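Before any comments, here is the structure.
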Amino acid sequence: QQPVQSPQAVILREGEDAVINCSSSKALYSVHWYRQKHGEAPVFLMILLKGGEQKGHDKISASFNEKKQQSSLYLTASQLSYSGTYFCGTEAASYGKLTFGQGTILTVHP
Amino acid sequence: DAGVTQSPTHLIKTRGQQVTLRCSPKSGHDTVSWYQQALGQGPQFIFQYYEEEERQRGNFPDRFSGHQFPNYSSELNVNALLLGDSALYLCASSSSTSGRRGETQYFGPGTRLLVL
């Protein structure tokens, strides 16, 4: 079953913060976050593993609540380059099979 | 260090035809996953190849098949194309050397397929 992302869209001014949430009904092993700009491939941002390990970029932070099977991506002091569609991909029992949410469209204005 | 590459970038086919898409993984990666992304949607998992075998498969019909070569590159074949097969097909590579889940998947630029 597909994870649910919220909000579906968010509009920011440069310098503002945003939080994107991802919720799954399945027990998860890992949560992967990607950003995709129009016409381009998804770009890896961060991975959060069961047990607390994280791998990703320094300027992006995220959390993973294993009890609730929820993850949140925190974007602080947003820049124009943050604009794009953010996807969470969840990995459950099946090794390496990512199930993606429907995406959150983030638009940053000057 | 070359990233994930895919070919062709764009393709136009007609219903009933067959298509082959190609993917070369990032250097050092041995696992290739294929995803289908319809317009405005998230990527959907088709299947994953490791050691030249299909290791995982999503909810796609048998018209979708694949292959992995000894050099870890991969092909996705779709037979009897339908209008609904029009989408961006993404290849992602990862490394399975650690033998555990939670490996980062890096995506290629994709092949945009249009079925008329």
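Rg over Rh for region A:4-109 works out to 0.95, both radii taken from alpha-carbon positions and Rh defined as the Kirkwood radius. Under the combined filter of DSSP loop state and at most 13 neighbouring Cβ atoms within 10 Å, region B:22-82 retains these trypsin sites (Lys or Arg not before Pro): B:Arg63.
Rounded to whole numbers, the Karplus 3J(HN,Hα) couplings from phi for region A:44-52 are 5, 10, 7, 10, 10, 10, 4, x, x Hz, using 6.51 cos²θ - 1.76 cosθ + 1.60 with θ = phi - 60°, and x at Gly and Pro.
Diffusion coefficient of region B:57-116 by Stokes-Einstein, Kirkwood radius over Cα pairs, 20 °C, 1.002 mPa s: 158 µm²/s.
Would you tally the net charge around B:Gln37, using a Cβ to Cβ cut-off of less than 13 Å, leaving B:Gln37 out, and scoring K and R as +1, D and E as -1?
-1
The aspartates and glutamates within cross-link reach of A:Lys67, meaning a Cα-to-Cα straight distance under 17 Å and a gap of 8 or more places when in the same chain, are A:Glu53, A:Glu91.
Note down the magnitude of the dipole of the protein assembly as shown about its Cα centre, charges +1 on Lys and Arg C-beta and -1 on Asp and Glu C-beta and zero elsewhere, to the nearest 20 debye.
Taking the Cα centre of the protein assembly as shown as origin, the dipole is about 380 debye.
Peptide A:29-37 has a mean of 3 when you count, residue by residue, the C-beta atoms of other protein chains within 10 Å of its C-beta. Local charge for A:Ala92 was computed over the other residues whose Cβ lies under 11 Å away, with Lys and Arg +1 and Asp and Glu -1, and equals +3. The DSSP beta bridges internal to region A:4-109 are antiparallel in roughly 90% of cases.
The trypsin sites (Lys or Arg not before Pro) of region A:1-82 meeting both criteria, a DSSP state outside H, G, I, E and B (loop) and at most 13 other C-beta atoms within 10 angstrom of the site's C-beta, are A:Lys26, A:Lys37, A:Lys59, A:Lys67, A:Lys68. Taking the three principal axes of the alpha carbon atoms in chain B, the coordinate ranges are 42, 28, 28 Å, sorted in descending order. Close amide H partners of A:Gly103, meaning residues 5 or more places away or on another chain with modelled amide H under 5 Å apart, are A:Gln5, A:Cys88. Among the GluC sites (Glu not before Pro) within region B:1-107, those in coil by DSSP and having at most 16 neighbouring Cβ atoms inside 10 Å are B:Glu51, B:Glu52.
Laboratory data are not the source of any read-out in this text; all were calculated from the coordinates shown. A quick note: this is a predicted structure, and the numbers were derived from the prediction, not measured. A quick note on method: Cβ atoms are made from the backbone with ideal geometry, for glycine too, and the neighbour counts reach across all protein chains shown.
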